[in-house]
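The values are calculated or read from the model by the stated rules, or taken from the named source; none is laboratory data. These numbers were taken from a predicted model, which means no experiment stands behind them. Every residue, glycine as well, gets a Cβ built from its backbone with ideal geometry; the counts of neighbours run over all protein chains shown.
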Amino acid sequence: MEPMTIEEIKQYLPHRYPFLLIDRVLEWEANKRIVALKNVSANEPFFQGHFPHYAVMPGVLIIEAMAQSAAMLGLLSLGQKDDGSSVYYFVGIDGARFKRPVRPGDQLVFEVEQLRLSRGMGKFKAVARVGGDVVSEAELLCALRPVAVKP
C-alpha cells in the first residue's frame with residue numbers, strides 16, 4: 001500500500017509528542033508486514049538525561065517504536081482508526097536483543113512481520129535497522145482492547 005505521513009499515522013495511533021515514535025510508514029501490506037521509520041534527532045527529550053555525554057536512544061524506546069509499528073500494522077489490517085474506544089496495547093515481548101547503540105542523526109527503519117492475528121491479539125516479529133545494520137530485534141505481542149471512556 002501507499003506510504004503514510006505523520007498526519008495519517010495519527011489517525012490510527014493515539015500517541016502524541018513526545019511519545020509518538022514513528023514518523024512515516026514507507027510501505028505496508030495488510031495482515032503481512034509494515035516498514036516504518038523514525039528520524040532520531042538530537043532534540044529528542046530523552047537525550048538530556050540518557051548518557052548526555054554520549055547520547056544513546058534508550059533500548060526500551062526502540063522496542064516501543066517497534067510496538068507502535070506493529071500496532072499500525074494490526075490497526076491497518078483491521079481497518080480500525082483511533083476513535084478513542086479502544087487501545088492497541090503492547091502486552092508481551094520475547095527474544096529482545098540490542099546489537100548496537102542508536103545515536104542522534106540515525107534513521108531507524110522498522111520492519112515488522114505479522115506472525116498471527118486473532119480476536120484482536122497479534123504476534124509480530126520486529127527488526128530495527130540503521131543504514132541496513134540490525135540494531136534491535138524482538139517478537140512482540142499486542143492486543144486490541146476496549147477502553148472505558150468516562151464522560
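Values for this structure:
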{"item": "Condition check for Leu75: farther than 26 Å from Pro146 by Cβ and surrounded by 15 or more Cβ atoms within 10 Å (Cβ to Cβ)", "result": "no"}
{"item": "Cross-chain or 6+ apart pairs with Cβ under 8 Å, segment 63-78 first and closer than 20 Å to Glu2 by Cα, then of a type in the set (A, V, I, L, M, F, W, C) and assigned to a helix (DSSP H, G or I)", "result": "Met72/Ile9"}
{"item": "Failed item, numbered, when Asp83 is tested on (1) closer than 25 Å to Glu2 by Cβ; (2) touching a strand residue (DSSP E or B) at 6+ places or on another chain (Cβ under 9 Å); (3) surrounded by fewer than 16 Cβ atoms within 10 Å (Cβ to Cβ)", "result": "(2)"}
{"item": "Qualifying positions in segment 1-42 - touching a residue at least 40 places away in the same chain (Cβ under 8 Å) and among the hydroxyl-bearing types (Ser, Thr, Tyr)", "result": "Tyr12, Ser41"}
{"item": "Any hit, segment 14-34, residues being surrounded by fewer than 17 Cβ atoms within 10 Å (Cβ to Cβ), at negative phi and among the hydroxyl-bearing types (Ser, Thr, Tyr)", "result": "yes"}
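Every residue, every condition in (1) under 16 Å from Lys10 (Cβ atoms); (2) at pLDDT below 95; (3) not in a strand (DSSP E or B), yes or no:
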| residue | (1), (2), (3) |
| --- | --- |
| His53 | no, yes, yes |
| Met57 | no, no, yes |
| Ile62 | no, no, yes |
| Ser69 | yes, no, yes |
| Met72 | yes, no, yes |
| Asp82 | yes, yes, yes |
| Phe90 | no, yes, no |
| Ile93 | no, no, no |
